[in-house]
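Only one structure is covered here, and it is reproduced in the block below.
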Amino acid sequence: MTEAPRLTTPFTARTSAAEILDGVDLTGRRMIVTGGASGIGLETTRALAGAGAEVTVATRDPGLAEPLVTEFAGTGPGSVRTAALDLADLTSVDAFVAAWQGPVHALVANAGVMAVPTRQVSPQGWELQLAINHLGHFALVRGLHDSLRAAGSARVVVVSSGAHLREAFDFDDPQFERQPYDRWSAYGRSKTADVLLAVGIGRRWAADGIVANALNPGYIMTNLQRHMDDETLRAFGVLDEAGNRIELDYYKTPAQGAATPVLLAASPLVEGVTGRYFEDNQEAEVVVGGPEATGGVARHALDPAAADRLWTYAETALAARPE
């Protein structure tokens, strides 16, 4: 069967989030951005609210989002509110879901953690990168299913990473319980899981009017790099020997990094599109993946059988969590 042509848009890698929504009216739309108080999450929130949406910033420290709340207070039609959410702790996820009322038109699964140096576990005993980047978001999305369905036409946007290219999901030892922990392997596998989450939602919930897509926002210096030491930053070429930040040409500003999440959350150009992966505001090319891959989306991250298997694994993990 011939694959459908890749979806393209008139935007570029340098388009900002606000430019994506130029002329788009989101008045009356209710949206959630996890980790929306900093980095590309902040700029995603700002662009969506600026186009008229009511955006809830779901974050571990709601106080960090207060400047955004103030920024949009009384300026209308968009607004920003905050709510506590710790994706590493399912008790917090459950509380967020229980407190939510009404429809959700878009959920941007943006919060994440990268390259935790040593193996750490969540309160449920899960490896921390998998817990925050995937399992916490899975629990949140599943818990909000009825609210997404109530919107009539809802979108789930999952922020992944080009790191997924190097690592298929390891179903034999997903928690690094038997193999030596490697922070980059753990990160890459969790980001593959993020793409598979979008594929899984697309396979299950299309009849409910819910679509889902994943994305790579590109290279942006944000708080996500907080676990990277100076030696690692130098290896990435973004820090000189004196400890000064180096601005590389291919790095984006947070507002540019937020463009693809905003495109998938609210642009009419991707209406009805589901189960796909985007980068630089375009649908990505499907590639084999592996250590040499530098762009596109790996076939292992779009595999429907792997998406179904991961969905079952996540459901089982949630059902088996200790009380």
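The values are calculated or read from the model by the stated rules, or taken from the named source; none is laboratory data. None of these values were measured; they are calculated from a predicted model. Cβ: placed from backbone, ideal geometry, glycine included. Neighbour counts: every protein chain shown. Areas reflect the complete protein model, heavy atoms only, side chains present, ligands, DNA and RNA absent. Shrake-Rupley method; radii C 1.70, N 1.55, O 1.52, S 1.80 Å.
Just a few scattered comments:
- Any chance THR2 is hydroxyl-bearing (Ser, Thr, Tyr), open to solvent by 10 Å² or more (accessible area, probe 1.4 Å) and at pLDDT below 95: yes
- Residue within the stretch 42-55 that is under 21 Å from SER92 (Cβ atoms), in a strand (DSSP E or B) and touching a residue at least 12 places away in the same chain (Cβ under 8 Å) present: yes
- Within the stretch 98-130, if we keep just the residues that are of a type in the set (A, V, I, L, M) and over 14 Å from LEU140 (Cβ atoms), the residue that is surrounded by the fewest Cβ atoms within 10 Å (Cβ to Cβ) turns out to be VAL121.
- Residue match in the stretch 291-309 (condition: in contact with a helix residue (DSSP H, G or I) (Cβ under 9 Å, 6 or more places away or on another chain) and part of a strand (DSSP E or B)): yes
- There is at least one residue in the stretch 103-112 that is hydrophobic (A, V, I, L, M, F, W, C) and touching a Pro at 6+ places or on another chain (Cβ under 9 Å).
- Some residue of the stretch 58-67 being touching a Gly at 6+ places or on another chain (Cβ under 6 Å), open to solvent by 30 Å² or more (accessible area, probe 1.4 Å) and modelled with pLDDT of 95 or more: no
- Yes/no for LEU165 being open to solvent by less than 10 Å² (accessible area, probe 1.4 Å), under 19 Å from ALA111 (Cβ atoms) and either among the polar types (S, T, N, Q) or assigned to a helix (DSSP H, G or I) (or both): no
- Every condition in (1) touching a Leu at 6+ places or on another chain (Cβ under 8 Å); (2) more than 30 Å from SER153 (Cα to Cα); (3) at pLDDT 85 or above is met by ALA266 except one, and the failing one is (2).
- The single condition from (1) open to solvent by 80 Å² or more (accessible area, probe 1.4 Å); (2) free of Cβ contacts under 8 Å to residues at least 60 places away in the same chain that ARG14 fails is (2).
- When THR260 is tested against (1) under 16 Å from ASN110 (Cα atoms); (2) part of a loop (DSSP other than H, G, I, E, B); (3) among the β-branched types (Val, Ile, Thr), just one condition goes unmet, and that condition is (2).
- Scan of the stretch 274-299 for residues that are closer than 28 Å to VAL121 by Cα and either free of Cβ contacts under 8 Å to residues at least 24 places away in the same chain or touching a Gly at 6+ places or on another chain (Cβ under 6 Å) (or both), ordered by number: ALA298
- Applying a threshold of 7 Å to beta carbon distances and a minimum spacing of six or more residues, or different chains, the list of pairs starting in the stretch 304-322 at a residue that is basic (Lys, Arg) and ending at one that is surrounded by 15 or more Cβ atoms within 10 Å (Cβ to Cβ) and part of a helix (DSSP H, G or I) reads ARG321/LEU90.
- When residues of the stretch 267-285 are limited to those that are among the small types (Gly, Ala, Ser) and open to solvent by 10 Å² or more (accessible area, probe 1.4 Å), the one nearest to GLY23 (Cα to Cα): GLY272
- Selection within the stretch 168-187: residues that are assigned to a loop (DSSP other than H, G, I, E, B) and among the hydrophobic types (A, V, I, L, M, F, W, C). The member of this set that is farthest from GLU127 (Cα to Cα) is ALA168.
- When the stretch 174-191 is filtered for residues that are among the hydroxyl-bearing types (Ser, Thr, Tyr), out of contact with any Leu (no Cβ under 8 Å at 6 or more places or on another chain) and touching a residue at least 60 places away in the same chain (Cβ under 8 Å), the ones remaining, listed by number, are TYR181, TYR187.
- Figure legend. Inter-residue proximity from the stretch 91-105: first residues within 17 Å of VAL156 (Cα to Cα) and part of a loop (DSSP other than H, G, I, E, B), second residues modelled with pLDDT of 95 or more and open to solvent by 30 Å² or more (accessible area, probe 1.4 Å), beta-carbon distance below 7 Å, spacing 6+ or different chains. Indicated pairs: GLY102/ARG30; PRO103/ARG30; PRO103/ALA150; VAL104/ARG30; HIS105/ARG29; HIS105/ARG30.
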